Every structure is written in structure tokens, then in C-alpha cells.
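Q: Input: one structure, supplied below.
The values are calculated or read from the model by the stated rules, or taken from the named source; none is laboratory data. Everything numeric in this text was worked out from a predicted model, so none of it was measured. Heads up, the Cβs are rebuilt from the backbone with ideal geometry, glycines too, and the neighbour counts pull from every protein chain shown.
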């Protein structure tokens, strides 16, 4: 299905500037080979092969979508003159992805050694999405995630030490050990979760986007243009809250980007078995916002899309739905035996490892040498060893921490037997007061 | 102090009754809530309303009448019918310092959004270790109305009050409504504000102090509506009115009842309840909701266990934690003071029926309260259910 003719109501001048000028990272993603590579499944699907970049614009927004449409045109043409990224950016992306990958591998190790416990959901394989999007954000922008949130927090700037200690359940964690793997919060870096229920983060993200608009329009703070990214998976796209928020975000033109990390599997439920129309990006226009599909194993493509949609949101043009086709190399969580996924599918995606792809790109375009990348690898190794050591040595939370932070206003614990507020008793947080 | 309850005169929604001067002005609950919202919105531009029909329809029960005209559509948001979605949006906005007041058309609809109320709002301050507080208010009518059937009549006080991280308030009079709603909006934590549809039109006298725009009631303090010495009756919301009527009837029979208007279900003002029980030695708890695991059960039980735990504190290793976690309440502190078993009046343990006579039987009535108080005073009255 070609996107060019059918989606646009008005004739559109063919963009002269060939924006998509980078060399494709992986030529595989362009060719149609046998069963469509989209969705990874060997079963044949009813739709045609998908070009690396698909865009759907809703009727009402055709005129606004100019910023985004021109990307849609086209095969990426190689031009050595204009690379997509500079060397610094390339190294930044590489370092971020390596940090994400090594961190998650370290989590697995620590889990099997008993230092981490409970639910741990790892992000291996999906780094391109996190790095591609989050590295374009400002510090004031917000990221909302699901339980698979370690790497989102890291990309946004939360230190590896803080995240690792949180996972170990120590008092030095980003949430003082009270949140855990699935509840990473950092007010400083505007990471507001970490939600265990799928779909729960989407309305909260929509709500986090709401104050930008409110501050601009009601409180008259010029320059309140913070953008929010909501990350969630393919399984969530069948949940009612997702649709409710697509509706309201488009209705109120909120500065939010809905990023679907479609890794084709919701624990053991294949996306194709769960969804009547598996093409999630098409659901955007139904609600009046553009829907974009992008190859989520390619960090540069993700970054291209991210630039456009973040700009669009920041300008006040409203939300976008971006579907990133990606894959998780490990199971749903460390407790998942991962028996239902076809090894051939896993191998196919392993060959499209985003880190290897970026490495290849950097070498081929002479943006970095082997040495530089190895030194980044080493640096990240050290960061992680330090994080583990720090977390090991950090203390467990004090007993009195149990009752803390239930309420922002501590009078929430009510009135004690002596008729005064319990929080006024100095023993309240020492674990000895009657509550 | 005896509070004179006027007869249920349904005033037209927004009569300019405040024209007359002197001591006791009258105000309906509807006016009280409306003025409280109005004042809080004008004092703090971060306060905004969202809910179904709060704007152009002037509020499903006209509570938000006039606010759209006054504050505009950016601050009074008519939402689509998406409780889960807009509640979550309210929570997300509250994370970033705005102060949403989310209206549920009835609290029965809050069940569609309960995940956000509990998991995103109530638990966030704890999960984030204090980084993110959620200054949000969820308000709406709660409990039975008249003939609205099972799905529109449940009382949610017990459910929400069970959850740490939430504050749950339930006003009775106009003074309560104004003071508690203002306190709720100013509070930095999530507050569930349970109103009652049948009370909206009732008017109560209010003093000049209540009418002041900075009037506020403390959260977590109950009010003794009527002092007495023979039996303590605790109630909240509409049941306070019934309890007061019951107190009148009991007074004629020589039983002096002390009526406690709980006002705050979480945190429960156990100190006031205990002090009262120690004075009267008898307790009747009244609520409209289902009996099992209800508010009455909490008041009743948490008293029960403390006496034992005080004695067994050394042998019960679990007790330290229990002391930390469980509040002292009637039996905890005052078991030795009770002269009779605690009587618990609650709604019938059935979904609310529709037929008028059945509905009357499913909700506590004044006679039930009188009967229970007499039982607590060991007058010979059988336990039989209402015929």
C-alpha cells in the first residue's frame, strides 16, 4: 500500500529537498522479501510490504501535516554529503544504547544472583526507540513509561547508580527503594513512572501534557512548551484507555507523542492473535492525529521521526501516534521462559540489532573508529561496575521509612489518642510511635 | 450543641437567599459546594474542574453552575464519557502541580477510573518517595439516591477509605461541605470527596465565619453534632441527619444520645470517637453502605484488638508492626469502657432494589437507629430485621 497518493486529499508538491538522505542502515528493511518482514511472523499477511517509513494523515489535518509528510516520500537515498548525524551525536547515541544494553544485562546477572527480586522486565533489543526519542528531549520534557522502564529512565538522565540501587531496594535508589523496578520516578529528570498496569501510563501522560497547554493559555506563561512522551506496547493498544486518550489528546491538541513499542508480543500473546487490525499506526487518523510507522530497530530512522513529531507537538499542532516496530531479545520478564516465540523470528531480529546497525553506520561513514567505540564500551562497563558496587554498599531503608511519604501532608495520618495530629509526635518517623 | 435541622425544603438551585441579614443565614449544600469551588478557583489559578457536564450543562446536579461563564472553557472542562481517561489525565496534570477537581457524575462511575484513583494517585507519593505529590480532588455524589437502582446506589466510603494514600471526606451540612471542599482543594494529597445527592437541596444555617472565603475545616477531625451521655452514635453524610432525628426521639424516652458526624472517613478521628465512648460507654455506628468490611466494622473492630495487643505486646512479635500500622480505636482503647456490644447499622447486604418499599428496607431508617440505640442501652427491643 503506497502512502503517497491515497492519504492526501489535496495535491501536494513533490518535495524538492530529499530529506531522507542517509544511507540506510540495513538494506533488508527496504526490500520486500517473501513474507513481509513487518510483524516478523512467517505467516503471510494481507497487507503489502511496508516501506521503511509509513505515514497516515487524518483528513482534518492534511494541511497541518506538511512538516511531517515530506519525510514520508521516499526511499532513503544515499548521499555522502549529508549524513543524518554528526560524530558527537553518533557517539552520544551509541553510548546511550550501550548503557541501556549493558545495564539490562547486568540486571539479569544481579537477578540470578539474588540481589534483585520481584518483577524485572528487560529492554534488550528495543534501545533504538528509547535512545532515538529521548535523546531529543529537553530536561523539562516528560517521559512516561510502563514496567519496562529502566532504559527510559537512563536515557532521560537518571544515573545508573540511582536506578540500580532502586532495583536492589536500597535507600539510595531514585525512589528510596519504595518504587522498585516498575515504578521509576524522578522529578528532577521528569520521569514520572513506571506504571505496572498497562495502559495506566497513557492517561497520566496525557495529563502531564495538559499543564503545558494550561500554563500557556490560562496561567499565561509564555514558553511553556514542554512535550510528553508516552511509551507503551502493542498489547496496550487494545486497551480502552488508549483510545480514550487518543481522543482527548487530539480533541484538546495536547503536546504529547504516543510511542508504541510494538515488539509483537505481550508476554506470550502474539500481537496478531490479539488484535483485529494489527497496524496500530492506522488508529491515529481515526482520532484526528497523524499515525506514523517506523522501523524501531534503526535508531536513525526513529530519530528522524522523533524530531518531526516532537517539533510538531512543541509548536502546538497536537499529538501524534508513532508505531515503532521493534523486538525484545529476552523474554517478557526474567521469569518468562519465553517458549512461544519462534527461534527463527528471534534470529531474524537479532540480525537487526540496533547497536550493531549503528556501529556499522558509524564505521561506514567514518564517523567513529573501532577504538573510540571500544573505549565507550569500556567506560560504560566501568559505570555499571561502579553502580553495582554503590548499590551493594548502600544501606537498606530504615524501618521508619515504612510510614513516610504516604501523604505529602503528613496530617493524613490523622489525630492521635492525645488529641494532636500524629505527625506532630516526634516519634512518628522513628518507628516507635503508635500510629 | 443541638443543631436544628430544617425540614427538607428543596430550595431552587441558586436562590439568592443570602439577602437577609443577621445571625443564621441559610445555605443549601449545592450553594455551599458551588461557592467553595468558585472561591477556590478564583484564589488559585491552578485549580480547574473536569468532568462530564460540568460546563455547559452547568453540572449534572448543578453544582458547578455559573463556573463555565466565569472561568472559561480552559478551566471548566467538559469531558467525553471516559472516566478512566480523564481521571488519569487529572492525575497526570496534578503530578505537575495543577489542582484538578475531577467530578464523577456519581461515584459508581468512579469504578471505571478506580485504577487511577488508587494506583496513579494514592500510591504515587509513596512509590516516588515523596517526589511527586498529587493535589487532586475527586468529588461527586455517593450512596443511594431515590429509586436509581443497584448500579447507581453503592456507597464507596469503605472502599476508598481502605486505601492508604487517600484522604476520604464526607460532609453532612453546608458548613461541612464548604469547609471540607476547600480543605480538600488546598490539600496536597489526593482527596475523595463523597457528597450525597439527596442532600444537595437541603439547607442548613451557616454562620458568618463559614461564609468567609478563607474558611476551612481540618481534615481528620470529626464533629460532635449533639452532646449526650448515654450512647454514642457515629454517622456520616445523610445518616447524620437521620441520627439527629433519632436522637430527638430517644431524648423523649430519656436516652441522651451523642451524635458524632465523622466528616473524615480516612483519616478516621479515632480520638473523638474513643473519648465519646469512654464517656457514654455505648456505641452505635451508622452508615448507608454495605455492612461487611464497612466503616462501622472498622470503628468497631479496631477498638477490639488493641486491648489484647496492649497486654500481649511482648509476646507478639508482630505487634510492633501492628502498632505502627493499626490505629487505636474503640476496642483498642476503650474495650474496657464498653457496657454493651457495639451496634452496627448499615445498609442491607444486597444490591439496592428498585421498588420503593424494598429500597426503604435496604437503607437504614430513623427507626433502625432508635432501635439499635435502645438495644445498646439494654432496653428490651428485639433484634429482628425491619418487617
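Q: Only one residue in A:219, A:229 is assigned to a loop (DSSP other than H, G, I, E, B) and on the phi < 0 side of the Ramachandran plot. Which one?
A: A:219
Q: Still on this structure: May I ask you to list pairs of residues, at least six apart or on different chains, whose Cβ atoms are under 6 Å apart, with the first in the range B:45-57 being away from chain A (no Cβ under 13 Å) and the second being at pLDDT 95 or above and assigned to a loop (DSSP other than H, G, I, E, B)?
A: Qualifying pairs under 6 Å: B:54/B:64.
Q: Take residue B:48 and tell me if it is surrounded by 20 or more Cβ atoms within 10 Å (Cβ to Cβ) and under 14 Å from residue B:182 (Cα atoms).
A: Here the answer is yes, as residue B:48 does meet what is asked.
For (1) more than 13 Å from chain A (Cβ to nearest Cβ); (2) within 24 Å of residue A:403 (Cβ to Cβ); (3) at pLDDT 85 or above; (4) buried (at least 24 other Cβ atoms within 10 Å of the Cβ), each residue gets a yes or a no:
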position	(1), (2), (3), (4)
B:281	yes, no, yes, no
B:295	yes, yes, yes, yes
B:308	yes, yes, no, no
B:324	no, yes, no, no
B:363	yes, no, yes, no
B:368	yes, no, yes, no
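Q: Helices (runs of 4 or more DSSP H) wholly in the range B:81-191 with at least 3 residues that are at pLDDT 95 or above and under 20 Å from residue B:219 (Cβ atoms) - which ones?
A: B:83-95, B:157-161, B:174-186
Q: Please verify whether residue B:249 is part of a helix (DSSP H, G or I), at pLDDT 90 or above and either within 12 Å of chain A (Cβ to nearest Cβ) or in contact with a strand residue (DSSP E or B) (Cβ under 9 Å, 6 or more places away or on another chain) (or both), treating the condition exactly as stated.
A: For residue B:249, the condition - part of a helix (DSSP H, G or I), at pLDDT 90 or above and either within 12 Å of chain A (Cβ to nearest Cβ) or in contact with a strand residue (DSSP E or B) (Cβ under 9 Å, 6 or more places away or on another chain) (or both) - is not met.
Q: Need at least 1 residues that are modelled with pLDDT of 90 or more and over 30 Å from residue A:251 (Cβ atoms) per element, so show me which strands (runs of 3 or more DSSP E) inside the range B:1-79 make the cut, counting only ones lying wholly within it.
A: B:25-28
Q: Let me ask something else about it. Right, residue A:165: part of a helix (DSSP H, G or I) and more than 14 Å from chain B (Cβ to nearest Cβ) or not?
A: No.
Q: Among what's in the range B:67-77 and is more than 9 Å from chain A (Cβ to nearest Cβ), out of contact with any helix residue (DSSP H, G or I) (no Cβ under 8 Å at 6 or more places or on another chain) and surrounded by fewer than 20 Cβ atoms within 10 Å (Cβ to Cβ), pick the residue that is farthest from residue B:35 (Cα to Cα).
A: Here the residue is B:73.
Q: Got a sec? Which of A:290, A:354 is under 21 Å from residue A:123 (Cβ atoms), modelled with pLDDT of 95 or more and more than 14 Å from the chain's Cα centre (by Cα)?
A: A:354 is the lone residue from the list that is under 21 Å from residue A:123 (Cβ atoms), modelled with pLDDT of 95 or more and more than 14 Å from the chain's Cα centre (by Cα).
Q: Counting only residues that are in a helix (DSSP H, G or I) and without any contact (Cβ under 8 Å) to a residue 40 or more places away in the chain, which one in the range A:391-410 is farthest from the other protein chains (Cβ to nearest Cβ)?
A: This residue is A:393.
Q: Oh, and also: Output the number of residues of the range B:120-131 satisfying the condition of being in contact with a strand residue (DSSP E or B) (Cβ under 8 Å, 6 or more places away or on another chain), facing chain A (nearest Cβ under 7 Å) and crowded, with 24+ Cβ neighbours inside 10 Å.
A: So the count comes out to 2.
Q: Right, residue A:229: at pLDDT 95 or above, more than 10 Å from chain B (Cβ to nearest Cβ), under 20 Å from residue A:315 (Cβ atoms) and within 20 Å of the chain's Cα centre (by Cα) or not?
A: Judged against the criteria, residue A:229 is a match.
Q: So, of the residues in the range A:183-206 that are surrounded by fewer than 22 Cβ atoms within 10 Å (Cβ to Cβ) and under 20 Å from residue A:124 (Cα atoms), which turns out to be farthest from the other protein chains (Cβ to nearest Cβ)?
A: A:198
Q: Which residue is nearest to residue A:185 (Cα to Cα), if the candidates are limited to the range A:411-422 and must be surrounded by 20 or more Cβ atoms within 10 Å (Cβ to Cβ) and within 7 Å of chain B (Cβ to nearest Cβ)?
A: Taking the candidates together, the pick is A:412.
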